[in-house]
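Here the structure comes first, spelled out in structure tokens, and everything after it is commentary.
The values are calculated or read from the model by the stated rules, or taken from the named source; none is laboratory data. Keep in mind that what you see is a predicted model, and the values were worked out from it rather than measured. Cβ sites come from the backbone with ideal geometry, for glycine too, and all protein chains shown count toward neighbours.
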Amino acid sequence: MSTKRVPDLLIEQYALGELPPATARRVERSEGFEQRVAKIRRDNEATLARYPAGVYAARIRNQYEAEYRDRSRDRTPARTVGTLAMVLPAAAALLVVGFLLFGGLDVGFAPQADPQAEITRLKGVEPAIAVYRADPRGVGGVQRLSDGDNARAGDVVQLSYQAADARYGVIVSMDGRGAVTLHYPPDPGSVPQLIPGGEQTLPYAYRLDDAPRFEMFLFITSRTGFDVAAVVSELERQASRISDDPEQTPDLPQQFEIRSLTIRKEE
Amino acid sequence: MAIDVEAYYRKYAPMVLRRCRFMLREEEAALDAMQDVFVELLRREHDLVHAAPSSLLYTIATHVCLNRLRSSKRRPETRDDEILLSIAGDDGPEDRTLSGHFLDRLFTREPDSTRTIAVLHYVDGFTLEETAAQVGLSVSGVRKRLRGLRARGLALKDV
């Protein structure tokens, strides 16, 4: 039995089955080998139970989307994405929204009014969607919009959701021109896994474009997985009907629950 | 190589989290660092060629944690911890110049960060040969980097 302590990585790689045979045999002869491997296996189970793969993989994807993949879009804030212009990765805070209107991206976070005083957090155990708007008067802070509230082209809004008991979901918007925009997950090929727990803010704020009459935000949830592209395609098929009458909501199979919040556009 | 994040997480996240816990000694910070490691992996998924990426993830975790330790105020708890914090705080010319590109180079197997080499050798107990294999350098290259570190006053000796 070797007296030199084998580095942790080699024990980890043994447990993963990634060591070449000769190295594996050397590791097997090391002091405390069996206890070290058993400890790793116990900790593996505990870690995955405490920090579930589905939840944390979604967080990692979201963080990646926010930090890297869409970084180039940050430099072109006027770019239109569907009906809305994506203006900022905002994983950290709704505060950013208020700051955007007059602070710009280069200056950092401006002092804001206490957000807790201005934001009513999503409450309850039902899935929910919320829309926040940066103060259009340019005095800082954010305002939570309710169904039927008014907004204008150029207003900056931030979306958030609360999954409650839903494991999967998408957030899309439909506007008065019948355009459908997917906001979450970031692309139609993604798994629509929701992050459980409290309110989750999407990593971007958006600037409302000049589509007339209304902007309807839909939070479509399910307890089982589904094909995001198929749902978006179905919504596009129904968009002209809803564009004609925004009091209606989309008609989707029973597995889905739909929460909607419609903003009226001031002309 | 496209990455199935959930499959990678299931297989490697516990190992990465243990590494981050060992270096940072604080659960929340370790959890944040673990996520950063996977984000770095995703950022370079199209350059990824490793069939068994445990070494790569372990080295990225070491690098990510060293960067966090540099701005940390924590006090050493053990001798290894003292060495780790000493290495993290070293700001030699190679790291000043190269650290920003370290992860890019890691993926193309170019020369490694001296601080990461030092942690593998002095804290983890890898021999010079094992360290060299881990980071894709020659043994003499590793020795040269570590000599530079000692020359800057870090009280380290070969293990």
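Give the residue, chosen from A:L48, A:L16, that is at pLDDT 90 or above, under 29 Å from A:D187 (Cβ atoms) and facing chain B (nearest Cβ under 8 Å).
Values: A:L16 fails: under 29 Å from A:D187 (Cβ atoms).
Just a single option satisfies the conditions, and that option is A:L48.
Enumerate the pairs (first residue in the stretch B:115-138 and charged (D, E, K, R); second residue anywhere and modelled with pLDDT of 85 or more) with beta-carbon separation below 7 Å, excluding pairs fewer than 6 apart on the same chain, so at least 6 apart or on different chains.
Matching pairs, first to second residue: B:D124/A:P7; B:D124/A:D8; B:D124/A:L9; B:E129/B:V139.
Can you name every residue in the stretch B:7-34 that is facing chain A (nearest Cβ under 10 Å) and surrounded by 22 or more Cβ atoms within 10 Å (Cβ to Cβ)?
B:Y9, B:Y12, B:A13, B:P14, B:M15, B:V16, B:L17, B:R19, B:M34, listed by residue number.
Please pick out the residue among A:E257, A:E236 that is under 28 Å from A:Y56 (Cβ atoms), assigned by TED's automatic domain parsing to the domain that holds A:S146 and surrounded by fewer than 20 Cβ atoms within 10 Å (Cβ to Cβ). Before the answer, list the steps.
Values: A:E236 fails: under 28 Å from A:Y56 (Cβ atoms).
Just one listed residue meets the conditions, A:E257.
What residue, among those in the stretch A:137-159 that are free of Cβ contacts under 8 Å to residues at least 60 places away in the same chain and assigned to a strand (DSSP E or B), is nearest to the chain's Cα centre (by Cα)?
Just the residues of the stretch A:137-159 that are free of Cβ contacts under 8 Å to residues at least 60 places away in the same chain, to begin with: A:137-144, A:154-155, A:159.
Imposing the further condition that a residue be assigned to a strand (DSSP E or B) reduces the set to A:142-144, A:159.
Details: A:V142: 19, A:Q143: 20, A:R144: 18, A:L159: 9 Å.
Only one residue fits best here, namely A:L159.
Would you mind finding the one in B:L137, B:L120 that is closer than 19 Å to B:P53 by Cβ and modelled with pLDDT of 80 or more? I'd like the intermediate steps shown before the answer.
Values: B:L137 fails: modelled with pLDDT of 80 or more.
Just a single option satisfies the conditions, and that option is B:L120.
Any idea which of A:F256, A:F214, A:F226 is of a type in the set (A, V, I, L, M, F, W, C) and touching a Lys or Arg at 6+ places or on another chain (Cβ under 9 Å)?
Numbers: A:F256 fails: touching a Lys or Arg at 6+ places or on another chain (Cβ under 9 Å); A:F226 fails: touching a Lys or Arg at 6+ places or on another chain (Cβ under 9 Å).
Sole residue among the options that is of a type in the set (A, V, I, L, M, F, W, C) and touching a Lys or Arg at 6+ places or on another chain (Cβ under 9 Å): A:F214.
For the structure I just gave you, tell me whether B:D104 is within 14 Å of chain A (Cβ to nearest Cβ), at pLDDT below 90, surrounded by fewer than 16 Cβ atoms within 10 Å (Cβ to Cβ) and over 24 Å from B:A133 (Cα atoms). Can you show your working first?
Numbers: within 14 Å of chain A (Cβ to nearest Cβ): yes; at pLDDT below 90: yes; surrounded by fewer than 16 Cβ atoms within 10 Å (Cβ to Cβ): yes; over 24 Å from B:A133 (Cα atoms): no.
Taking the combined requirement at face value, the residue does not satisfy it.
Which condition breaks for A:V231 when tested against (1) farther than 21 Å from A:Q63 by Cβ; (2) at pLDDT below 90?
(2)
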